[in-house]
Amino acid sequence: MTTKQNDRMPIIAGNWKMNHDHYQAIQVTQKLSYQLDKTDYEHVEVVICPPFTDLRSLQTMLDADRIPMALGAQNCFHEDSGAYTGEVSPGMLAKLNVKYVIVGHSERREIFGETDETVNLKVKAVLKYAMVPILCVGETLAEREAGGAEAKVAAQLVAGLAGVSKGNIATLVVAYEPIWAIGTGRTASTEDAQAMCAFIRKQVEEIAGVAAAQSLRIQYGGSVKPGNIGELMACADIDGALVGGASLDPDDFARIVRFG
Ligand code: PGA
């Protein structure tokens with residue numbers, strides 16, 4: 001396991017997307033917990049982001065079995081309550097001991113039309129309930145090939161963090177997920193991933209100062225697997241991973257938590 005030269009606790013989060021009903025969720029999480037021990041949790045914060053319908057079952061199980069994994073949600077609405085058919089509020093998630101909420105995942109932006117403005121509202125709403133947003137940013141392949149990757153990510157950060165206090169920014173997680181690497185088996189090269197994560201930290205420094213930039217954690221996401229997590233985690237500015245496909249399998253996910 002790599003020892004990092006900073007105080008940031010590594011964070012590995014599994015984004016199950018629309019997979020695993022609540023029975024499967026319990027089985028998979030139990031299997032995962034059998035493979036992890038105290039030392040793993042001392043080195044890495046382990047987060048499971050299941051579908052909404054699994055949250056209550058997992059909360060009960062983690063609590064009863066005293067499993068030190070954190071729960072995350074994949075999305076939420078920004079209002080506290082009201083006539084918003086089909087939406088889930090941040091307060092409802094906080095009541096279920098949800099600690100993290102993924103905000104602005106590229107699938108939400110591309111399939112469900114979320115914009116930088118709605119993402120910003122959600123970031124603030126999540127913070128209001130003392131949960132931590134995992135703010136997703138990342139460029140398309142066309143944007144990267146046209147040399148516009150940094151500009152895209154910088155704009156997403158400025159808009160996503162507008163009006164958020166420096167103190168709150170310091171606690172955030174940003175997930176850099178190049179869209180062309182999600183679910184494609186194509187990972188960004190370690191050099192490109194590190195370069196963009198360093199760029200993100202620099203941008204956050206401009207927005208919120210050195211202290212916030214040094215304490216904020218940055219994840220890489222996009223086809224993370226047991227075979228590539230080690231080299232990603234060895235990078236100075238990569239503090240963790242947001243893992244999609246490989247998080248569905250408890251054996252693979254346990255290896256990722258152990259950095260391979
Ligand atoms: P993937 O998904 O690991 O399946 O590429 C990552 C994500 O979308 O968070």
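The values are calculated or read from the model by the stated rules, or taken from the named source; none is laboratory data. This one's a predicted model, so the numbers in the text were calculated from it and none came from an experiment. Neighbour counts are summed over all protein chains in view; Cβ atoms, including those assigned to glycine, are modelled from backbone coordinates with ideal geometry. Side chains included, ligands, DNA and RNA excluded: accessible areas come from the protein's heavy atoms. Shrake-Rupley method; radii C 1.70, N 1.55, O 1.52, S 1.80 Å.
Observations, loosely collected:
- Mean residue ellipticity, 222 nm, helices only, the chain: the sum of -39500 (n - 2.57) across DSSP H runs of n ≥ 4, divided by residue count and rounded to 500, is -13500 deg cm²/dmol.
- Packing order of peptides 244-252, 26-34, highest average first: 244-252, 26-34 (average count of other Cβ atoms within 10 Å over each peptide's residues).
- Those residues of the range 158-195 whose amide nitrogen sits under 18 Å from the label point placed on A146, 7 Å along Cα→Cβ: 178-181
- Mean silhouette area of the range 132-260, derived from the convex hull of its C-alpha atoms and averaged over all directions, reads 7.3 nm².
- Sequentially through the range 80-96, phi angles give Karplus couplings (6.51, -1.76, 1.60; θ = phi - 60°) of 6, 5, x, 7, 10, 3, x, 9, 10, 8, x, x, 5, 6, 4, 5, 8 Hz, Gly and Pro residues having no value and appearing as x.
- Taking Cα centre as origin and charging only the Cβ of basic (Lys, Arg, +1) and acidic (Asp, Glu, -1) residues, the dipole magnitude of the range 1-151 rounds to 420 debye.
- In the range 11-257, the portion of solvent-accessible area held by carbon and sulfur atoms comes to 54 percent [1.4 Å probe, whole percent, DNA, RNA and ligands not counted].
- Gain in span if fully extended, F112 to E87, counting 0.36 nm per residue against the direct Cα distance: 7.7 nm
- Percent of Cα-Cα distances greater than 29 Å, calculated over the chain: 24
- Note that the range 11-257 presents 42 Å² accessible area per residue, ligands and nucleic acids not counted, probe 1.4 Å.
- Database remark: amide H of I102 closer than 5 angstrom to the amide H of A73, Q74, N75, I134 (H placed geometrically; neighbours at sequence offset of 5 or more, or on other chains; Pro and chain starts carry no H).
- Residues whose placed amide H lies under 5 Å from that of A175, excluding near-sequence neighbours: L135, C136, V137, Q219
- Length-normalised contact order of the range 11-257 in % [C-alpha pairs under 8 Å, at least 6 apart]: 21
- In this structure, the amide hydrogen of A241, modeled 1.01 Å from its nitrogen in the peptide plane, lies closer than 5 angstrom to those of I11, I12, A13, Y220, counting only residues at least 5 positions away or on a different chain.
- If only the Cβ of Lys and Arg carry +1 and only the Cβ of Asp and Glu carry -1, the dipole of the chain around its Cα centre is close to 440 debye.
- Bins of 10 Å, starting at 0 and running to the largest distance - Cα pair percent for the range 18-137: 13, 43, 33, 11, 1
- Mean Cβ count within 10 Å, highest first, over the residues of peptides 131-138, 66-73: 131-138, 66-73
- The listed peptides 74-82, 109-117, ordered by packing as a protection proxy, come out as 74-82, 109-117 (highest mean of other Cβ atoms within 10 Å first).
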